[in-house]
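Following: one structure in structure tokens, then a few remarks.
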Amino acid sequence: MRILFLGRKDVWGLNAYEHLCRIGADVTAIWSNKRYEALPNSILNWKGDYLFSFYSYYIIPKILLDQIKICINFHPSSPEHAGSGMLNWALYNKEKYYGATAHLIEEKIDSGKILKVKRFKILKNDDINSLKYRAKIYCTFLFYEIIQELLISKKSINNLLETSANENWSEEAKSIKEINAMSKINKDIEKNELKHRIRAFHTDDYPVELEIHGEKFIHVKDTNYL
């Protein structure tokens, strides 16, 4: 069994990769480090049984998808949120639930048929970091379950599709451009909307910011000094 594994070289990706190796698969791993990174040209001729994309930044070209029997992505969100900024929109829209989705990969981002979904409740005090962490845990659970069902228990893709026939993507994939727009505020923003934007869109790496007269000001959390 030949598997192409696309992931990030962190504890989540390494554990998933090592699990595939433990079950005896012939695994080729390609690690991604940043958004918009292109797959190495040397891998575009790869042929095999499965492609698993697990928290990978890579956009997979059709030429590669056509050469592999089954291609599956593990999307760190429930099907209500496709594309970029899934966490942000779930918080901003005050959703009650979030989750993780395993789906077949199509040329169009986050559009393939859904194999399985795991959901969990969004807590009142959740922020981007806490929600992201739990999404990674549920995505990892989902990965192990799919591997168990497909590669160990030998269930068919059609069997998984049948059990998730009621699951569908519910919106068009969001873009990074839309997230960036929500991270920029103006001086007339209402207090409650500002708090809401900070909860849903602010991180240390991608801060909520205000621009006045060509100068940018970023949000910094309050710090209490003794």
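The values are calculated or read from the model by the stated rules, or taken from the named source; none is laboratory data. Bear in mind that the values here come from a model prediction, so they are computed numbers and not experimental data. Because the Cβ atoms are built from the backbone with ideal geometry, glycine has one as well, and the counts that use them run over all protein chains shown. Surface accessibility is based on the protein's heavy atoms, side chains included, excluding ligands, DNA and RNA. Shrake-Rupley method; radii C 1.70, N 1.55, O 1.52, S 1.80 Å.
List of remarks:
- With the gyration tensor restricted to C-alpha atoms of the stretch 1-98, the semi-axes of the equivalent ellipsoid amount to 26, 16, 13 Å, longest first.
- Our summary of shape: the Cα atoms of the stretch 36-88 have principal axis extents of 36, 22, 15 Å, ordered from largest down, in whole angstrom.
- Kirkwood-Stokes translational diffusion coefficient of the chain, alpha-carbon pairs, 25 °C, 0.890 mPa s, µm²/s: 129 µm²/s
- Computed FRET value (nearest 0.05) for Asn15 with Leu123, which takes r as the C-beta separation and R₀ as 30 Å: 0.75
- Neighbour cut-off at most 11 other Cβ (10 Å), DSSP loop, chymotrypsin sites (Phe, Trp or Tyr not before Pro), the stretch 3-82: Tyr36
- Residue-normalised accessible area of the chain, given per residue in Å² at a 1.4 Å probe: 59 Å²
- Solvent-accessible area, 1.4 Å probe, carbon plus sulfur percent, for the chain: 50 percent
- Each residue of the stretch 54-68 was assigned a 3J(HN,Hα) from its phi angle through the Karplus curve 6.51 cos²θ - 1.76 cosθ + 1.60 (θ = phi - 60°); the sequence is 10, 6, 9, 7, 5, 8, 8, x, 4, 4, 7, 4, 6, 9, 10 Hz, with glycine and proline shown as x.
- Whole-Hz couplings from phi, Karplus 6.51/-1.76/1.60, listed for the stretch 126-138; x for Gly and Pro: 5, 10, 4, 5, 5, 5, 4, 4, 5, 4, 5, 4, 5
- Percent of beta bridges antiparallel (DSSP, the chain, rounded to nearest 5): 45 percent
- GluC sites (Glu not before Pro) within the stretch 122-170: DSSP coil, no more than 13 neighbouring Cβ in 10 Å: none
- A simple rule links phi to the HN-Hα coupling: the Karplus curve 6.51 cos²θ - 1.76 cosθ + 1.60 with θ = phi - 60°, which for the stretch 212-217 gives 10, 6, x, 9, 9, 10 Hz, with x for Gly and Pro.
- Taken about its Cα centre, the stretch 95-179 carries a charge dipole of about 340 debye when Lys and Arg each add +1 at the Cβ and Asp and Glu each add -1 at the Cβ.
- Student exercise, the chain dipole from Lys, Arg, Asp, Glu Cβ charges, in Debye to nearest 20: 400 debye
- All-pairs alpha carbon distance profile, the stretch 54-154, 10 Å steps from 0, percent: 15, 46, 30, 8, 1
- Where only C-alpha atoms are counted, convex hull volume of the stretch 140-226 per residue in Å³: 211 Å³
- Distance (nanometres) between label positions extended 7 Å along Cα→Cβ at Ser175 and His219: 2.4 nm
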